[in-house]
Amino acid sequence: MSSSAKSLFSLRNWLIYAEVLAVVGFVVLASLYIRRGSAEPESPPVSQVSTFIEKADALFAQEDLVDAAFLYWRALQALETAEQAQVFSVNGVSQASAEVDLHANLRIVEIYSRSGWAKDAKARLEQAARIQPDHPEVRLLRGKLLSDEALDDTLSAQAAEEFLAVIESDPNNAEAHYLLAVLYHGNRQLEQAVDHYKQAIESDPEFQDITSQKAPIGILARLQLSRTYARMLQSYQFLDREFTDEDLAEVTRLESESILLLEQAVAKRSEMDEIVADLVRLYFARAAALEREDIETRRYADALQVYERIVTLDPQEVRAWERMAEIYGSFLGDKAKALEMYRRVYEIESHPTVLANIKSLEEDLEAEEEGLEAETE
C-alpha cells in the first residue's frame, strides 16, 4: 500500500472516530441536560409561602394559569419544609398552614380541570380532600369533575349529590345552584332545572365575576333559564289537541319571561354574542306572531317596534330591516320609510333585487311629488 493510500486510510479512520466521539459526547451532554432540567428544584424557605400565594392568586385572576400553577406548587414545596403548624399572612389575612395548603391545592385542581387534565385534577383533589374532605370547594370541584364525565346516570347522580351537599352547607352558593341546574337540564328534569336556575339568579344579585366561569352566574343562569323555557315551549308544538286558554296563557308567560331574562342579561353583558343571538331569535318569533294575527287585527305597528329592537341589538340583522321595509311599503303605505329601510338593507347586502326596490320607490316618490306640484299650480 502506497504512503498516500495509507495516509488517506488514516484520515478516514480519524474522521470516523471523531464522528463517533462527537455523537457520544452529544448524547452524554443531552442526558445531563435532561436530568438537570427534570430535577426537582430546591424547596424554598417557608417564609416565602405568603409571597407565592399572593402572586399566584393575582396571576390566577388574570387567567395566567401556567405561571399561577407554578407559584402554587412552589408554595406547597415551601410548606413541606415547615416542621409544625404555622400562621401566614396572605393578602393581609392570617391563615393557618392547612388553610394555605388547601387553597393552593384547590387552585391547582381548578387549573388542571380547565386545562383538560382530568386525571391530574382528580389526583390533586384527593390531596385537598385529605386536608378537609367536606369543604364546600372540595365538593364543588368534585361535582364539576363528575359532571364533566357524566356519561351515565350513576355519575350524574354522584355529581348532583356533591352540588346538593354544597348547597346544604351554603344555601346561597350561586355556582352550586347553577351547576346543579345545568345537570338537571341535561337530564331533561326541567322543573328542577328551573328551580335551581332561579335560586342561582337570586344568589348572585351583584353579578360577581368568578374565574371558573366565562361570565357571572347571574348572567349564565338567566341565559340557561331562558333556554329551558324555550325547551318547555317546544312541548306545546306537539300537542294532539287544540290550545286551551290556559295553554295560551302559559305559552305567553314562558315567551315573555324568556325575553325579560335575556334583556336583563344583555343589559349587563351586551358583548356576549350568544345572549344577543338568543334574544334576536325570540324577538323574530314574537314579531312573526304579531303579523300572523287575524287580517283585521294584524298588529303591524307592534311588529315594527319589535323589529326596531332587533336592529338595536344587532344593526347588521338584514332580515329585520327588510321586513320593516316590506311592512312600511306593502301594509302601511309609507313609501318614504320603506325607502329608508331598503337603503339600510342595501348598505348591508348590495343585492340587485333590493336596488330594484329602491329605484322603484324613488320613482314613485318622485312621481307623487311632481303630482303634488302640478296640483298646486
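Here, each number is a calculation from the coordinates, and none is a lab measurement. Model, not experiment: these values are computed from the prediction. With ideal geometry, Cβ positions are generated from the backbone for all residues, glycine too; neighbour counts draw on all protein chains shown.
Under 17 Å of direct C-alpha separation, and excluding same-chain neighbours fewer than eight residues apart, K335 reaches these lysines: K359. Normalised Debye scattering of the range 255-320 at q = 0.25, 0.29 Å⁻¹ gives log10 I(q)/I(0) of -1.08, -1.29, counting only Cα atoms as equal scatterers and leaving out solvent. The charge dipole of the range 321-377, taken about the Cα centre with unit charges on the Cβ atoms of Lys, Arg (+1) and Asp, Glu (-1), comes to about 500 debye, rounded to the nearest 20. Taking amide H as placed 1.01 Å from N in the peptide plane, the amide H of V90 sits under 5 Å from that of Q95, each at least 5 places away or on another chain.
Gyration tensor over the Cα atoms of the range 300-377: the corresponding equivalent ellipsoid has semi-axes (square roots of 5 times the eigenvalues, largest first) of 26, 15, 8 Å.
In straight-distance terms, cross-link reach from K214 covers every one of the lysines whose alpha-carbon lies under 25 Å from its own, apart from those fewer than eight places away in the same chain; here that gives K55, K119, K122, K144, K198, K268.
Dipole check for the range 282-377: with +1 at the C-beta of Lys and Arg, -1 at the C-beta of Asp and Glu, and the Cα centre as origin, the magnitude is about 800 Debye. Qualifying GluC sites (Glu not before Pro) in the range 69-176, where qualification requires a DSSP coil assignment and no more than 13 other C-beta atoms within 10 Å, comprise E83, E149. If you sort the three axes of the alpha carbon gyration tensor as a ≥ b ≥ c, you get a/c of 1.5 or more for the range 150-287 and a/b no higher than b/c, which makes it oblate. Give the Debye-formula value of log10 I(q)/I(0) at each listed q (0.18, 0.21, 0.22 Å⁻¹), with one equal scatterer per alpha carbon of the range 240-355, two decimals each. So the normalised log intensities work out to -0.99, -1.16, -1.21. For the range 157-218, the pair-distance distribution built from all alpha carbon pairs, in bins 10 Å wide starting at 0, is 26, 55, 19, 0 percent.
Percent of C-alpha pairs per 5 Å bin in the range 229-281, short distances first: 4, 19, 24, 19, 13, 11, 7, 3, 1.
So for the range 116-191, what percent of the C-alpha to C-alpha distances run longer than 22 Å?
Of all Cα-Cα distances in the range 116-191, 20 percent exceed 22 Å.
Normalised by the residues of the range 175-325, what does the relative contact order come to in percent, with Cα pairs under 8 Å and at least six apart? 14 percent.
What percent do you get for the relative contact order of the range 284-326 when only Cα pairs under 8 Å and 6+ apart count?
31
Derived value for the range 65-205: Kirkwood hydrodynamic radius 16.2 Å. Basis is the mean of 1/r over every pair of different alpha-carbon atoms.
Filter the trypsin sites (Lys or Arg not before Pro) in the range 184-216 to those in DSSP coil with at most 12 other Cβ atoms within 10 Å of their Cβ, and list the result.
Of the trypsin sites (Lys or Arg not before Pro), the ones in loops of the range 184-216 whose Cβ has at most 12 other Cβ atoms within 10 Å are R188, K214.
Grab the other residues whose beta carbon is less than 15 angstrom from that of A165, score K and R as +1, D and E as -1, and report the net. Combined, the nearby Lys, Arg, Asp and Glu give -4. The trypsin sites (Lys or Arg not before Pro) of the range 281-377 that meet both conditions, a loop assignment by DSSP and at most 12 other Cβ atoms within 10 Å of the site Cβ, are R292.
Candidates S113, S235, I210 compared by Cα position along the dipole of the range 97-253: farthest toward the positive end lies S113, with charges placed on Cβ. With q set to 0.15 Å⁻¹, the log10 of I(q)/I(0) for the range 200-251, from the Debye formula over equal scatterers at the Cα positions, is -0.56.
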